[in-house]
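S.K.: Quick one: this structure, given as structure tokens, is what I'll be asking you about.
Every number here is computed from the coordinates shown, using simple stated rules; none is lab data. What you are looking at is a predicted structure, and each value in this text was computed from that prediction instead of being measured. Note that we place each Cβ from the backbone using ideal geometry, even for glycine, and neighbour counts take in every protein chain shown.
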Amino acid sequence: MILKRISILNYKNLEQVELSFSPKLNCFFGQNGMGKTNLLDAIYFLSFCKSAGNPIDSQNIRHDSEFFVIQGFYETAACGQEEIYCGMKRRQKKQFKRNKKEYSRLSDHIGFIPLVMVSPADAELISGGSDERRRLMDVVISQNDKEYLEALIRYNKALMQRNILLKSETPVEEELFLVWEEMMAQTGTLIYQRREAFIKAFIPIFQSFYATISQDKEQVSLNYTSHARDAALAEVLKESRPKDVVVGYSLHGIHKDELVMTLGDYPIKREGSQGQNKTYLVALKLAQFDFLKRTGNTTPLLLLDDIFDKLDANRMEQIIKLVAGDRFGQIFITDTNREHLDRILQQVGGDYKMFHVTDGAITG
């Protein structure tokens, strides 16, 4: 998958941007707050039908503007030329089109343009709540598994309905609970099984990337836990119902799954230095890329936003060697330090483009 060019109007601080890209490496440099991350976010939007940083679509419209438009023109080995369009006006629903035909469901688009983004916001994977780590699994699995994505949508719908019943101030018939609990159990079991299989396959890939970047200085792993592991979900939900009624929400289910991230024998959240945490996060995301490439039909896009911050020279050098190699496809990378980008370009040697970003204007 190659993004050949992009057209952007009024997206965040990007008033009007028209860019053509290298099929290999595209570098963006400039000071903080100039729009580098916004450009990557627009590319992300075309893959996931939403912003990586702000889920409220209307807040991504440029100040004093009434709409935004993002158009991406791609080249794929399987389908040839592809045009993806996203447009939104204030107080209206966003439109998402492939080759001028609007999607009836946005979920049908997920996975068509596989993409992995590494950014400073990834720190939440370590410091944030379990929902961040579940999202990590969901984003990767959903891009190659439509059945998983459908199950996730149906599970969340059933969870929402069950929670409404739990909050009811009048008695609720058990049959109503059983309808939604059956849907949660059915879809939740599939989700658990796919997550379990994914993590089993993912761990050695992740560990290999971490070992390369750290030069084998630390051992890392991931431990997936779920209420679905020890008992049938339908029984778990039924037994939990009296407590759930008291608190007003569902205490058990795959929406409480956890992914424990370890450094040595301890949670990295407690033990990791800034450099170790950053290495962990970069290795996670590069492993995501590798997994999607192995299991999918096309090479994902790779977006690297300010990835060298908090890394020592040795770890930075290992990442540069990885990025400059042949295992990745089209790469988009940002940095405030031109020297970091120049070091990558020296090793890549081949096709690349360099862009300068200033106050939302991007020049090549």
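S.K.: Can you pull the Rg over Rh of region 63-131, Cα-only, Kirkwood?
M.R.: Rounded to two decimals, Rg over Rh is 1.07.
S.K.: Here's a follow-up. May I ask for the angle, rounded to the nearest 10°, between helix 274-295 and the longest principal axis of the chain, with both axes built from Cα atoms and the value confined to 0 to 90°?
M.R.: Its long axis makes an angle of about 80 degrees.
S.K.: Sticking with this one: Going highest first, how would you order 124-131, 89-96, 64-71, 152-159 by mean Cβ packing within 10 Å?
M.R.: 152-159, 64-71, 124-131, 89-96
S.K.: Taking Cα centroids, how far is region 1-19 from region 286-352 in Å?
M.R.: Centre-to-centre distance over Cα atoms comes out at 21 Å.
S.K.: Taking the Cβ of Lys269 as the center, what net charge do the other residues with Cβ under 13 Å away carry, scoring Lys and Arg +1 and Asp and Glu -1?
M.R.: -2
S.K.: Helix-only mean residue ellipticity at 222 nm, the chain, DSSP H runs n ≥ 4 weighted -39,500 (n - 2.57), per residue, nearest 500. What is it?
M.R.: -14500 deg cm²/dmol
S.K.: Same structure, new question: So how do Thr334, Thr279, Thr225 line up by other beta-carbon neighbours within 10 Å, fewest first?
M.R.: Listed from fewest to most nearby Cβ atoms, that is Thr225, Thr334, Thr279.
S.K.: Further, regarding this structure: Among Phe48, Phe291, Phe177, which one shows the highest mean-square fluctuation when the chain is modelled as a Gaussian network with alpha-carbon springs under 10 Å?
M.R.: Judging by the Gaussian network model, the answer is Phe177.
S.K.: Under a cut-off of 22 Å between alpha-carbon atoms, report the lysines in cross-link reach of Lys243, not counting same-chain residues fewer than 8 places apart.
M.R.: Lys157, Lys167, Lys256
S.K.: Angle, helix 36-48 long axis vs. longest principal axis of the chain, Cα atoms, 0 to 90°, nearest 10?
M.R.: 50
S.K.: Which pairs, out of Lys4/Lys97; Lys36/Lys285; Lys12/Lys101; Lys101/Lys146; Lys12/Lys93; Lys285/Lys321, put more than 23 Å between their alpha-carbon atoms?
M.R.: Violating the 23 Å limit, Cα to Cα: Lys12/Lys101.
S.K.: Still on this model: Pick from Glu132, Glu83, Glu339 the residue whose mean-square fluctuation is largest in a GNM of the chain, springs joining Cα atoms under 10 Å.
M.R.: Top of the fluctuation ranking is Glu339.
S.K.: Report the charge-dipole magnitude of the chain in Debye, nearest 20, computed about the Cα centre from +1 at each Lys and Arg Cβ and -1 at each Asp and Glu Cβ.
M.R.: Charge dipole, the chain, about its Cα centre: 660 debye, nearest 20.
S.K.: Right, another one. Hey, what angle do you get for helix 233-247 against the long axis of the chain, alpha-carbon based, 0 to 90 degrees rounded to 10?
M.R.: 80
S.K.: Further, regarding this structure: Looking at region 207-270, which chymotrypsin sites (Phe, Trp or Tyr not before Pro) are DSSP coil and have at most 16 other C-beta atoms within 10 Å of their C-beta?
M.R.: In loop regions of region 207-270 (DSSP not H, G, I, E or B), the sparsely surrounded chymotrypsin sites (Phe, Trp or Tyr not before Pro) are Tyr249.
S.K.: Can you pull the semi-axes for the chain, root of five times each eigenvalue of the Cα gyration tensor, sorted largest first, whole Å?
M.R.: 37, 27, 18
S.K.: Looking at region 137-214, I'd like the Rg to Rh ratio, where Rg is from alpha-carbon atoms and Rh is Kirkwood's inverse mean 1/r.
M.R.: 1.20
S.K.: For region 129-295, what log10 I(q)/I(0) values come out of the Debye formula at q = 0.14 1/Å, with one point per alpha carbon and no solvent?
M.R.: -0.77
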